[in-house]
1. Computed FRET efficiency, Cβ-Cβ of Lys461 and Asn541, R0 22 Å: what is it to the nearest 0.05?
2. Taking K and R as +1 and D and E as -1, what net charge do the other residues with C-beta under 9 Å from the C-beta of Gln226 add up to?
3. With a point put 7 Å past each Cα toward its Cβ, work out how far Trp275 is from Ser360 in nm, to one decimal.
4. Pairs Lys223/Lys310; Lys280/Lys567; Lys386/Lys540; Lys92/Lys385: which exceed 19 Å Cα-Cα?
5. Taking the Cβ of Lys92 as the center, what net charge do the other residues with Cβ under 12 Å away carry, scoring Lys and Arg +1 and Asp and Glu -1?
6. Zone of Ser259 (label point 7 Å along Cα→Cβ, backbone N under 20 Å): which residues in the range 265-290?
7. What is the ratio of the Cα radius of gyration of the range 205-307 to 2.2 N^0.38 Å, where N is its residue count, to two decimals?
8. Where in the range 402-439 does the amide nitrogen come within less than 14 Å of the point 7 Å from the Cα of Lys475, taken along Cα to Cβ?
Amino acid sequence: MPNGTSGTIKVRPQFLNPPAQGNMLLKPEYRSKPPLLSQPQQDNVLLTPEYRKKLQKQTPVQSSTYVYNPSRRFVGTGGLLLQPQKGSPDFKGHIIFVNGNIGSALHSTAGVINSLRDKVPEETHTGKRGQNVNEGQSGEGNLTDSEDRYSQKQADIDKKKKGSLSNYAAKVTRYTISPSLITKDVLDSAFSYSKYERFIGYWNVESNNYKFTETYADYFDAKGSQHFINGSHGLQSKAPHRMQHGIAQGYAWAQANLSTITKEGYEKNKKFAPWMPQPKDEPITVVMHSQGNAMGLGVVSGIGKYLSEKGWDKMGLNLVMLSVHQNMALNSATYANYKREKMDMLAHEYVLNKLPGIYSQDKLLTPQGINEFAPSIFGNWDGVKKHSVQFTFANDRLDVVTRMGDIPGMLNACGSEIKTDVMPFHISNGIAHMHEYFLDNLFEVSKVDKGVVVVNTKKTKSYRHLVSNFMARYKEYHLKVAFYALNPKERYFTSSNPYGGSSTTDFLEQHKNNLVSAYGELWNVELSVHGAPVRWGLQKNMLGPNWTSKSIFELVKEKGNSIYYRKANKGAPLANVGDVYRK
């Protein structure tokens with residue numbers, strides 16, 4: 001181009017470029033002028049008046065000149081005029097699965113040992129933690145550790161890597177062949193899960209045909225955006241701590257995965273890029289199980305914090321709470337009555353081998369549960385409940401996960417009533433009084449035939465039958481206790497050994513052992529009940545002919561039909577960000 005000639009002008013197309021918002025716009029004075037160039041030019045160009053007139057006659061570049069991408073920047077050529085555009089954003093949700101405690105003695109050995117040694121993770125740094133979350137103590141931890149987050153996209157990459165799905169098989173083989181390779185860390189590393197096993201394997205198992213996360217993601221418009229956050233804390237972990245930890249991880253997840261522009265930037269640019277998504281176009285769904293319920297609620301608050309900082313006041317929100325652990329406090333008279341009933345059932349005799357001191361040291365005392373602590377992290381806990389559906393069986397009351405039950409004021413897919421009773425059943429006058437909506441049939445998989453899970457009916461256990469068997473042993477034991485109280489001499493028999501010495505038989509002991517054994521059968525079944533909403537959550541006809549033929553997933557959908565914000569239900573209410581995050 002001519003340079004330095006008389007009558008030339010110097011043109012500098014100017015842009016605003018705030019790096020935080022990525023809000024690149026032409027200055028107002030240039031937006032009011034006609035476009036000068038139709039192809040990319042240098043920032044510093046000298047044009048003759050004749051050449052400038054020639055360019056002004058050319059057709060302006062069309063709307064494709066301005067491109068929107070996830071980094072939220074308008075890319076222009078030269079100094080063209082921004083034109084209002086037509087279009088709408090895609091409706092694309094995100095779903096986060098927050099797992100509960102991973103208590104496998106084989107795959108989370110260190111976590112189990114911590115429980116047996118009374119090491120409560122949030123109270124003291126425990127060193128090795130098995131599959132539990134990074135607690136962030138002693139300067140060694142990180143509450144937002146990326147190892148405690150995962151995504152389906154990463155899982156798909158890992159599936160292609162040989163040996164990445166299972167650390168266990170490879171390491172066991174190595175240590176078997178070369179025992180000298182075993183180090184002091186073997187219990188925490190050699191038998192630990194890979195990230196794929198820990199996250200994907202928690203939710204997707206044979207009994208749900210490995211389709212749990214995919215099924216929920218499809219329903220909540222989040223196919224291709226499935227995420228996982230580890231909610232496994234040690235036994236004796238308290239709900240308030242897990243909720244606070246969840247806030248940190250939720251905020252970190254939002255920073256890493258959401259590309260939300262500020263509301264101010266959106267309002268300024270929406271007519272030029274109407275396809276920019278708002279939070280209502282990218283609803284957040286969180287599916288939680290067991291300990292993960294408290295952690296998951298914290299995650300929701302952390303995401304709310306992120307959106308609040310961006311200036312947004314509305315968001316799409318869907319919550320699914322399965323097998324809710326520490327739904328409420330367990331203390332005072334409620335705990336005293338619970339402990340008394342458990343002692344009467346000889347629960348402490350069986351549990352002693354599972355978790356020493358659970359009753360003698362009152363390890364189940366819970367000053368605050370989810371419902372008591374939630375108002376301190378949410379702007380409006382009742383408002384958050386309006387976007388939630390819960391499902392917890394009435395007999396999901398295993399000792400080590402007590403307290404279990406429903407959260408008052410929240411929609412319940414497991415029957416119409418809110419079940420907050422701490423006990424799976426009560427014994428009165430020798431009769432077990434059971435609640436409605438308990439899981440009776442405990443299935444085992446026979447095979448998966450062409451995508452259909454086939455149940456092994458011969459191995460199916462009935463909770464009702466096991467309670468009946470327990471009550472028979474219970475009556476026998478307590479009748480003998482009463483009899484020997486009146487006839488103490490009848491309880492013992494001493495035999496003499498002709499070679500010296502003697503031995504004494506306690507006739508009550510056998511009845512006691514029978515009762516403890518019957519309690520153990522209930523224990524094992526209640527453990528299965530606790531995991532059933534995940535493991536069997538997609539299975540129809542599992543809830544019994546007196547209840548429904550629908551699956552748990554279908555019951556959750558049905559109960560949440562009017563409140564879940566989905567592409568097919570955009571008329572559902574949006575959540576207030578101010579309800580989700582308490583400033």
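The values are calculated or read from the model by the stated rules, or taken from the named source; none is laboratory data. From a predicted model like this one, the values you see are computed outputs, not experimental measurements. Cβ sites come from the backbone with ideal geometry, for glycine too, and all protein chains shown count toward neighbours. Ligands, DNA and RNA are stripped out before the accessible areas are found, and what is left, the full protein with its side chains, is counted by its heavy atoms. Shrake-Rupley method; radii C 1.70, N 1.55, O 1.52, S 1.80 Å.
1. 0.85
2. Cβ neighbours under 9 Å give a net charge of +1.
3. About 6.8 nm, to one decimal.
4. Lys223/Lys310; Lys386/Lys540; Lys92/Lys385
5. 0
6. The answer is 265-285.
7. 1.27
8. Under 14 Å, as judged by backbone N against the label point of Lys475, lie 428-433 of the range 402-439.
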